[in-house]
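What follows is one structure encoded as structure tokens, with my remarks underneath.
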Amino acid sequence: MSAHAGSVVDASEQFLWFGFDTIGEIAFRKSFGTVDTGKGHFILEILAGSEIPFAVLGPVPWEFRTLSRLLGSLFERFVEWCTGLIDERRKVSYDTGHDTINVPRRMIQLLLS
């Protein structure tokens, strides 16, 4: 930090990493490690590279399917990663002392209490 004293620093990438890790902690109970490593995650690179094509063609369902086929391995890698995270998350249960409950309901209970 002292190396940047008195100068303007673009921290947008660090905020992106922080948000990504925070979402991982909240939704999946694990950090994706981008803040700790100081490097972006491959998923962020895939998402950044597909913003414009999906924005233009995404609203048209058949074009979206065509685009996903054209992207091929990148899209498949993204879907596999997401599916793996969701499968891991489904295995985690929360014991409240009474029974196992789902996470969104428990989060709402905590926020309202």
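The values are calculated or read from the model by the stated rules, or taken from the named source; none is laboratory data. Being a predicted model, the structure only gives us computed values, none of them experimental. Neighbour counts run over all protein chains shown; Cβ positions are idealised from the backbone, glycine included.
Right, Ser7: outside any loop (DSSP other than H, G, I, E, B) and small (Gly, Ala, Ser) or not?
no
Tell me the residue from Gly6, Gly49 that is surrounded by fewer than 13 Cβ atoms within 10 Å (Cβ to Cβ), on the phi > 0 side of the Ramachandran plot and modelled with pLDDT under 85, please.
Step by step, each of Gly6, Gly49 is checked, and only Gly6 is surrounded by fewer than 13 Cβ atoms within 10 Å (Cβ to Cβ), on the phi > 0 side of the Ramachandran plot and modelled with pLDDT under 85.
If the requirement is being of a type in the set (A, V, I, L, M, F, W, C), in contact with a Gly (Cβ under 7 Å, 6 or more places away or on another chain) and under 21 Å from Leu74 (Cβ atoms), which of these qualifies: Phe20, Phe42, Phe32?
Phe32
Within the range 59-98, which residues are touching a Lys or Arg at 6+ places or on another chain (Cβ under 9 Å) and at pLDDT below 70?
Residues satisfying the conditions are Val92, Tyr94, Thr96.
Please count how many residues of the range 12-28 are at pLDDT below 85 and closer than 14 Å to Cys82 by Cα.
2
Pairs please, first residue from the range 34-55 and without any contact (Cβ under 8 Å) to a residue 12 or more places away in the chain, second anywhere and part of a helix (DSSP H, G or I), Cβ atoms under 7 Å, 6+ apart in sequence or on different chains.
none
Pairs under 6 Å by beta carbon, first residue without any contact (Cβ under 8 Å) to a residue 12 or more places away in the chain in the range 6-28, partner small (Gly, Ala, Ser) and not in a helix (DSSP H, G or I), six or more apart or different chains?
The qualifying pairs are Gly24/Ser31; Glu25/Ser31.
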